[in-house]
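Working notes, structure below.
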Amino acid sequence: MSNWFNVGKIVNTHGIAGEVRVISRTDFGEERYKPGNTLYIFSEQAKEGIAVTVKSHRIHKNFDLLSFEEYKDINDVEKLKGFVIKVPIEQLGDLPEGEYYFHEIIGCQVQTLDELQVGEVSEILTPGANDVWVIKTREGKEILIPYIDDIVKKVDVKNKQIWIDPMEGLLT
């Protein structure tokens, strides 16, 4: 496993004061992008990241807007388009019981309590009150499973296994 965890991607600049527009891949944007925090930015081919210090963070039209102490204006940040923002894996804190990082759930094999193989979690949607796990079946079909206690009965991230008790019609 890599020592880095992807938390976002710089997709554009914003304004002329050195802000960048980020598509975030973290559940913890407020915490992760707090002013004073150190993040690491990587160009596509880079093996090593460039350490940057968060100067400001705000949300604008579903994007996270960040500025960094090391970059003063649009001319400095223009070259950062396409860079990925990462943090060392050690910075991922422990989560409370029953909460998981996306990377722990994606790739897990899903089966029913009576051992029927359903498929593999391919992505996680966050539409509202609860997350929805997208399960890709062997046949290539996608099944949406809400992450609620009534359905998800056991999660074993170490062995990449999830057991569900689907309500009627959920798997058809």
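The values are calculated or read from the model by the stated rules, or taken from the named source; none is laboratory data. Computed from a prediction, not measured in an experiment: that's the story for all the values here. Cβ: placed from backbone, ideal geometry, glycine included. Neighbour counts: every protein chain shown.
Inspection of segment 87-94 identifies at least one residue that is in a loop (DSSP other than H, G, I, E, B), closer than 23 Å to Asp64 by Cα and either outside the structural domain of Phe68 (by TED's automatic domain parsing) or not basic (Lys, Arg) (or both). The set of residues in segment 119-163 being among the charged types (D, E, K, R) and touching an Asp or Glu at 6+ places or on another chain (Cβ under 7 Å) consists of Lys136, Lys153.
Conditions tested, residue by residue: (1) touching a strand residue (DSSP E or B) at 6+ places or on another chain (Cβ under 6 Å); (2) under 20 Å from Asp27 (Cα atoms).
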site: Val77; (1), (2): yes, no
site: Glu90; (1), (2): no, yes
site: Tyr101; (1), (2): no, yes
site: Val110; (1), (2): yes, no
site: Leu116; (1), (2): no, no
site: Ala129; (1), (2): no, yes
site: Pro146; (1), (2): yes, yes
site: Gly169; (1), (2): no, no
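With respect to the conditions (1) outside the structural domain of Asp131 (by TED's automatic domain parsing); (2) at pLDDT 90 or above, Asn62 lacks only one, and its number is (2). The residues on offer are Lys79, Lys141, Lys153, Lys86, and the sole one that is under 26 Å from Ile50 (Cα atoms) and more than 19 Å from the chain's Cα centre (by Cα) is Lys79.
In this structure, does Val20 turn out to be touching a residue at least 60 places away in the same chain (Cβ under 8 Å), out of contact with any Gly (no Cβ under 7 Å at 6 or more places or on another chain) and surrounded by 15 or more Cβ atoms within 10 Å (Cβ to Cβ)? Judged against the criteria, Val20 is a match. Among the residues of segment 1-36, those that are under 18 Å from the mean Cα position of the chain (by Cα), farther than 12 Å from Lys86 by Cβ and assigned to a loop (DSSP other than H, G, I, E, B) comprise Met1, Asp27, Phe28, Tyr33, Lys34.
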